[in-house]
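Visitor: What follows is a structure written as structure tokens; I'll ask about it next.
Here, each number is a calculation from the coordinates, and none is a lab measurement. Small disclaimer: the values here were computed from a predicted structure and weren't measured. Reconstructed Cβ throughout: ideal geometry from the backbone, glycine too, with neighbour counts over all protein chains shown.
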Amino acid sequence: MEKHSKKEDWMAILTGTFLVAQGVFFLQSAHLLTGGTTGLALLLSQFLPVTFGVLYFIANSPFYLLAWKRFGRRFAINSAISGALVSVFADNLYLMISLDTFNEIYCAVAGGLLMGLGMLILFRHRSSLGGFNVLCLFIQDKYGISVGKTQMGIDACILFASFFFVSPWIIMVSIIGTIALNVVLAMNHKPTRYSVNYGS
């Protein structure tokens, strides 16, 4: 498969990270959670005097080393930049938009779909969001198990652990959003259907 040009990759990174940040905004507006490092950052931001963006980037940072080792310098750098952009976008979207009235289930579905679409764009343009995305891509690359399946398993574990900190209703609605996110990935990012060279 023909590689994307650098211009196409950078446009995709901007588009993908913006969509992910929009999804995070919907989840934050309804005080919902999700899986992965995003879910950890959303959960911690409810209890710590630190913004989601800062917590998100810190949580993802160790995984960029794995990305460098397994997928190469370009993929790791692209992923680090993508993670930083999501952090900046998510922490500043309140300057552009606010939700005074919202439906929690709608926010869960919209947030999950937007995050899934954003992540899909990044995966197809030699990037990721770091965190468990890198681990899932590693598993897909090595064992042929789709990103959506491994991501859903990790997300389920994180949401289960969140039962100790938030209400069952929030967990239930958050699970809906997590399913929406992972269905997008499982349906559209299959290792045998779309092959990407992650190297430099």
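Visitor: May I ask you to evaluate 6.51 cos²θ - 1.76 cosθ + 1.60, the Karplus curve with θ = phi - 60°, for each residue of the stretch 49-59 and list the ³J(HN,Hα) values in order in whole Hz, giving x for glycine and proline?
Guide: With coefficients 6.51, -1.76 and 1.60, one gets x, 10, 6, 4, x, 5, 4, 5, 5, 4, 5 Hz.
Visitor: Helix 168-188 versus the longest principal axis of the chain: what is the Cα-based angle in degrees, 0 to 90, to the nearest 10?
Guide: Rounded to the nearest ten degrees, it is 20.
Visitor: Mind checking the angle between helix 6-29 and the chain's longest principal axis? C-alpha axes, 0 to 90 degrees, to the nearest 10.
Guide: Orientation of helix 6-29: about 20 degrees from the principal axis.
Visitor: Multiplying the sequence separation of Ser98 and Lys69 by 0.36 nm and subtracting their Cα-Cα distance, what value in nm do you get?
Guide: The span from Ser98 to Lys69 would gain 6.4 nm if fully extended.
Visitor: Now a separate question. Does the stretch 6-188 come out rounded, prolate or oblate, given a ≥ b ≥ c as the square roots of the eigenvalues of its C-alpha gyration tensor, rounded meaning a/c under 1.5 and, failing that, prolate meaning a/b above b/c?
Guide: It is prolate, given that a/c is not under 1.5 and a/b is the larger ratio.
Visitor: Could you count how many Lys pairs in the chain have their Cα atoms under 20 Å apart, skipping same-chain pairs fewer than 8 positions apart?
Guide: Final tally of qualifying lysine pairs is 4.
Visitor: Treating the angle as unsigned and between 0 and 90°, give the value, to the nearest 10°, between the Cα long axis of helix 147-161 and the longest Cα principal axis of the chain.
Guide: 30
Visitor: Note down the nm distance, to one decimal, between modelled labels 7 Å out along Cα→Cβ at Glu8 and at Val88.
Guide: The two pseudo-label positions are separated by 2.5 nm.
Visitor: On to the next question. With +1 assigned to the C-beta of every Lys and Arg and -1 to the C-beta of every Asp and Glu, and no other charges, what is the dipole magnitude of the chain about the Cα centre in debye, to the nearest 20?
Guide: The dipole of the chain has a size of about 880 debye.
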